Amino acid sequence: TTVAVIGLGYIGLPTAAILATHGADVIGVDVNADTVDAVNRGEVPFVEPDLSISVAGAVKQGRLRAETKTPEADVFIVAVPTPFKGNHAADLSYIDAAADGIAPRLSGGELVILESTSPPGTTQHLADRILELRPDLSLNASGKRPIVHFAHCPERVLPGRIMIELVTNDRIVGGLTRKAAEQAKVLYESFCKGEIMLTDATTAEMAKLVENSYRDVNIAFANELSLISAKLDIDVWELIELANHHPRVNILQPGPGVGGHCIAVDPWFIVSAVPEEARLIRTAREVNDSKPEQVIARVVAKAARFKEPNIAVLGLAFKPDIDDLRESPACRILARLSDELPEARLAAVEPHISALPSSLEGRDNVVLTEFTAAVADADIVVLLVDHTVFKAADKRRLRLREKVVIDTRGAWR
Ligand code: SAJ
């Protein structure tokens, strides 16, 4: 089988490599010529454990190569970005561009799989666009079905564990027709050891969005409890710990907001598709998105006690023990504190990075520094990420009692 994988990012390139190492002839397609050149040299343009060795091996064996133009193939896998285009609706222009590249390459009988996280109806949209360009492929001999097959197969892998989870996770395959789903299942079976479940395309699109919305709604509940507890002057961490002793209660942890490129994005695709009905999902997004503002207000209020406050800001990543700053509430909070408190000295501590991101660079009142030194000099300590190094620190040696401590993760309870 020849497989063309369109989009060689965090999902496309690992999928291309794993298909190639399981016997397919794979052509990766990307608009970025540097990415294409890197892959053809057997190199990977981003960091992901075990991916380099897999790509290098597949290229050397002649099973994987990359091009900037979509080639002919038996199977096309679309793994391009679906960012916001404003108003929280999904920008489908990358999917449309992929469709336009695929359409002229089809001759009938091919399978087109959409892997990008997409709003409900996008697989149908992709099919409509391709078949509009190729009306000759729209109907079979009996005049009933298109002779190209379309399916959605969302990815659910966790960055940092992609090469493992691609193999071990269960997968949902949703076809525009049953036959499309069955054909896609055969392809994924070549490397996926998890269960492969068949459904229709819209249900598959929604399943991915619902998984992340479920988590977002539950985090919002915890974040709302933290606001309520602050008003009632009780400890939210104790409250949640006690409530979680109930056999059917499992409340998540509040924090300074929700980051990453999935949970803070995907629920909006449901909201923008069905705004009238998706009330709880929308409110959860709003609660989580407003959490950084509440942290900023607390720090600014405390800073008013000092003339030139030294503030240690602990953690910039979007979650513990990683170096990923995408959509990180901590970065947003630090940037706003820098604007709101020009007289303060903000000592940012992020042990997993070696330089500040561009959004925080070149600010006179922000430096990236070392943990113990930052805390030693601080009047106010703001903990934004519960990295193990922070949690494990000796609180007495840090002299936290002598400082104003704002622990947004409950790491030092
Ligand atoms: N967070 C809290 N409180 C909690 C748990 C998380 O504030 O109790 C915050 C984190 O600090 C972080 C954000 O939520 O800022 C998201 O972190 P996460 O660990 O919940 O999820 P991600 O974004 O790393 O990965 C999610 C996963 N989805 C689910 O768990 C349902 C992952 O399996 C998906 O593959 C990924 O989204 C994706 O690509 O969609």
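The values are calculated or read from the model by the stated rules, or taken from the named source; none is laboratory data. The model shown is predicted, which means the values in this text are computed figures rather than measured ones. A quick note on method: Cβ atoms are made from the backbone with ideal geometry, for glycine too, and the neighbour counts reach across all protein chains shown.
Residues in the range 265-283 that are touching a strand residue (DSSP E or B) at 6+ places or on another chain (Cβ under 7 Å) and more than 16 Å from Gly86 (Cβ to Cβ): there are none. What about Arg298, is it modelled with pLDDT of 95 or more and of a type in the set (D, E, K, R)? Judged against the criteria, Arg298 is a match. Per the conditions (1) assigned to a helix (DSSP H, G or I); (2) out of contact with any strand residue (DSSP E or B) (no Cβ under 9 Å at 6 or more places or on another chain); (3) away from the ligand (no atom under 11 Å from the Cβ), the sole criterion not satisfied by Arg248 is (1). Among the residues of the range 195-214, some residue qualifies, meaning at least one is under 30 Å from Lys291 (Cα atoms) and of a type in the set (Asp, Glu).
Within the set Ala180, Ala201, Ala184, the sole residue that is modelled with pLDDT of 95 or more, in contact with a Cys (Cβ under 9 Å, 6 or more places away or on another chain) and farther than 30 Å from Arg332 by Cα turns out to be Ala184.
Scanning the range 218-225 turns up no residue that is away from the ligand (no atom under 16 Å from the Cβ) and not assigned by TED's automatic domain parsing to the domain that holds Ile113. In the range 396-412, the residue that is surrounded by the most Cβ atoms within 10 Å (Cβ to Cβ) out of those that are within 15 Å of the ligand (Cβ to nearest atom) and part of a loop (DSSP other than H, G, I, E, B) is Thr408. Here the condition is being in the same structural domain as Gln253 (by TED's automatic domain parsing) and in contact with a Ser or Thr (Cβ under 7 Å, 6 or more places away or on another chain); of Leu356, Leu341, Leu384, Leu360, it holds for Leu384 alone. Put simply, of Leu51, Leu114 the only residue that is more than 19 Å from Gly175 (Cα to Cα), under 26 Å from the mean Cα position of the chain (by Cα) and surrounded by 17 or more Cβ atoms within 10 Å (Cβ to Cβ) is Leu51. Of the strands (runs of 3 or more DSSP E) contained entirely in the range 76-188, those carrying at least 2 residues that are more than 16 Å from the ligand (Cβ to nearest atom), of a type in the set (A, V, I, L, M, F, W, C) and closer than 22 Å to Ile11 by Cβ fall at 111-114, 149-152.
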